[in-house]
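Step one of this worksheet: look at the structure below.
The values are calculated or read from the model by the stated rules, or taken from the named source; none is laboratory data. Remember, predicted model here, so these are calculated numbers, not experimental data. Here the Cβ is made from the backbone with ideal geometry for all residues, glycine too, and neighbour counts use every protein chain on show.
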C-alpha cells in the first residue's frame, strides 16, 4: 500500500511476467464497510424474524396445551362435560383424543355407579317390605295350626308346621349359610306339603353323601329348584312323576343334581346365558346362580340339561370347603 493506493502483484505461471493491480484504498474500504453493513442488517432481520416465528410457534403449541389444562381443571371441579377441541398438532391432538375418551369412560362409569346404587336402594326397599309379609304370614300360620290341632285336622297341621319351618328359615337373617343337611331338611318340608297335595303320584328319591352333611352353603339353593321342577316340569305332565335330589362329593367339588321326568324344555328354547332368566318366571334359578357366583366365584356353575318330553336336570357345582374324607 503506497500513498493511498493498494498494489496487488501476481506472477503468471510458466512466464517471467508479473501482473500488477492498483486499487484506491478508500474505495476498497467503502466496499468492505458496505459489505459488513449488509451482513449486520441481514443478521438483525434474521434474528427478528426468528423471534417472530418462535413466538407464534410457541403460541400455537401453548394454546391447545392451555386449553387441555383448563379442561382438566374443570373436570377436577366436577364438570364432566369439559371436552376439548382436537388440536391439529399431531402429538397434542393425540392427548386431546385420549383425554376426551377418558372423560367419556368416567362419565359412563359414574352413570353405571348411579344405576347400581339405585338398584341397591330399590332392592333394600323391597327386602324391607318383604320382611313384613313373611312375619304376618308366619303369625297367621300359627293361628291356622292351632285351629287344625284343635279340630284334629292332621293334614292341615302338617302343612302349616312344614310351611312354618320354610318361612322361619326364609325370614331368619342371622345366618346367610346353612348345612347341606339342613338345606335338604327344608326341602323335605316343602316336599311333604306337595306329597299331601299330589299323593302317590309324586315319587321322590334323595341322596346326600355323609361327608357333605356339614358342608355349609348359601341358604335356599335346593328347595327353589325342586319347586321349579314340580311347577314347570311335572305338573303339566300326565301320569306319575319322578323327582330325584342328590348331593355328592366329586374331586373336592360339591355336585348337586335335581332331576325330573317332566315335560322338559323344547330344543332351541334352553337359555344360552343364565342372565336371560333374570327377568323371566325362572328368576329363582338366576338368583341361585348369582349367589353361588358371589360365594364361590368362577369355580361355581349352574347347568341346565333338558330334553323336550323327557325331563330336565339342573346341576350345581362349587368347591367343597368343610367336607371330611371318609
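Conditions (1) surrounded by 12 or more Cβ atoms within 10 Å (Cβ to Cβ); (2) at pLDDT 90 or above; (3) closer than 28 Å to residue 213 by Cα; (4) not assigned by TED's automatic domain parsing to the domain that holds residue 195, marked per residue:
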position	(1), (2), (3), (4)
236	no, yes, no, no
239	no, no, no, no
251	no, yes, yes, no
269	no, no, no, no
318	yes, yes, yes, no
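Counting only residues that are at pLDDT below 85 and touching a strand residue (DSSP E or B) at 6+ places or on another chain (Cβ under 8 Å), how many does the stretch 278-300 have? Qualifying residue count, the stretch 278-300: 1.
With a requirement of 3 or more residues that are over 41 Å from the mean Cα position of the chain (by Cα) and modelled with pLDDT under 80, none of the strands (runs of 3 or more DSSP E) lying completely within the stretch 146-233 satisfies it.
Applying the set (1) surrounded by fewer than 19 Cβ atoms within 10 Å (Cβ to Cβ); (2) in contact with a helix residue (DSSP H, G or I) (Cβ under 9 Å, 6 or more places away or on another chain); (3) assigned by TED's automatic domain parsing to the domain that holds residue 249 to residue 161 leaves exactly one unmet item: (3).
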